[in-house]
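Data block below; observations after.
No lab work stands behind these numbers, since they all come straight from the coordinates. Note that this is a predicted model, so its numbers are computed, not measured. No Cβ is skipped: glycine too gets one built from the backbone with ideal geometry, and neighbour counts run over all protein chains shown.
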Amino acid sequence: MESDLRSIGELARDSGLGVSALRFYDGADVLTPAWVDPQSGYRWYGPRQLADARLLCRLRRVGLPLADIRAVLGAASGSGAAHRVVAAHLRRLEDGLADARRELSLIRALIDQRENPVTATPAEHRFTVAAEELAAALDAVRFAVGHDPGLPVLAGVLFDLDGGVLRLVATDRYRLALAELPVHGAPSEPGPAGVVVPTALADGIRALLGAGAEEAELTLGTGLVRAEIGGHRIEGATLDHDYPDYRPLVRLDPGHRIGLSAAELRSAVESGATRSLPSGPHGAACEVTVLTVDGGGRLAIAPADGGGPVGDGLRVAVNRDFLLDALRAGAPEQLVLELGGPIAPLAIRTPGRDGTFSLLMPIRIPEPV
């Protein structure tokens, strides 16, 4: 009988599994020997078990959990059960990769910030901007301010002064909004400066801008921001955190640029179908709008059953509420959508305002099993 069997050492050599791994899987009732010598306790394996051992070796390499390995090896031939288990594991890996990409984007931004901080303000920088333009910029970014207590640096608006341009930035990691406006006159101090203005203070500045003043004088200093608007002054402490460098996140390479009416798109999203999907491997479910692009470059909302357009079949899923927030921000009449792919950020731009746009992080659409 032993001539038809492989020893545990031979099976280890031929399958890629170690002897200790084979002993473990025997104890776990995953791959049990065909025969165990009652005297020596030595394990022997049948000819057909080599294929199972080789499959087990590869399942182990991709990190399939033990219970799933047992299910794959024990699945009835032709039932499709083994393929379903592997497909479910692949989806988990892809979800984890998408979440890791988002986290790594923030990590890279934080590393860049350590090396090239954008919030260093060694002196006070005083300058003037048009009140109407500052109000429009705040309206364009306010919706994207973060609310996560674990990320207090995102609970405000970055005022980033760079020469003759002031950029306002807000992000909660899942969306990012940026608006820029020209500075009138040279700042009182040369060089870049940036401060993170707490949400309440940014809202206070916005309230003063509605009083009809033509200009706003801003002062960005070490630990403070001051705004003088129409004879009124508001000031307060800035957030004592270095804001992550947003600049690498806005370098996009879109495959589709589609111009359309903001009102029509809002109406289509509000009345269109949605799907309930998790926002990440461990995220809560949210209502998702799936944008599709057909072969003629036309944008549409995918039906709830997951159908898509003809042509290249591009589908980009985003949080429906986040999308509506971005479409309402600044009350634009026309929009340009930039879509790079199912895992690339969706960019929403306003024609004629190249420096003002928002980005939405996509949500992965599970493939049918």
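For a modelled paramagnetic label at Asp26, 7 Å from Cα along Cα-to-Cβ, the residues of the stretch 3-20 in reach, with backbone nitrogen under 11 Å, are 7-9, 19-20. Close amide H partners of Leu5, meaning residues 5 or more places away or on another chain with modelled amide H under 5 Å apart, do not exist here. Note on Ala200 and Ser79: their simple-model spin labels are 6.0 nm apart, each label 7 Å out from Cα toward Cβ. Relative to the longest principal axis of the Cα atoms of the chain, the long axis of helix 199-209 makes an angle of roughly 30 degrees. Measuring spread by the Cα atoms of the stretch 125-237 yields a radius of gyration and Dmax of 13.0, 39 Å. Considering only alpha-carbon pairs that sit under 8 angstrom and 6 or more positions apart, the relative contact order computed for the stretch 252-360 is 28 percent. Dividing the C-alpha radius of gyration of the stretch 2-74 by 2.2 N^0.38 Å, with N its residue count, gives 1.04. Taking the Cα atoms only, what angle lies between the long axis of helix 81-115 and the longest principal axis of the chain, rounded to 10 degrees? That helix lies at roughly 40 degrees to the long axis. Helix 49-61 and the longest principal axis of the C-alpha atoms of the chain enclose an angle of approximately 20°. Rounded to the nearest whole angstrom, the semi-axes of the ellipsoid equivalent to the stretch 252-360, taken from the Cα gyration tensor as √(5λ), stand at 20, 17, 14, largest first.
Model label points for His184 and Asp4, set 7 angstrom from Cα along the Cα-to-Cβ axis, are 9.5 nm apart.
As a calculated quantity, the FRET efficiency between Asp321 and Arg92 at R0 = 30 Å, using C-beta atoms, amounts to about 0.70.
The fewest-to-most ranking of Ser7, Ser358, Ser267, Ser276 by surrounding Cβ atoms within 10 Å reads Ser276, Ser267, Ser7, Ser358. Segment Ile258..Ile343, full-extension length gain: 28.8 nm, with 0.36 nm per residue of separation and the alpha-carbon distance subtracted.
Look at the alpha carbon pairs under 8 Å that are at least 6 residues apart: their mean separation over the length of the chain gives a relative contact order of 14 percent. Here the simple spin-label model places points 7 Å from the Cα toward Cβ, and for Glu333 and Ala100 these points are separated by 4.8 nm. Translational diffusion coefficient of the chain (Stokes-Einstein, Kirkwood radius from Cα pairs, 37 °C, 0.692 mPa s): 135 µm²/s.
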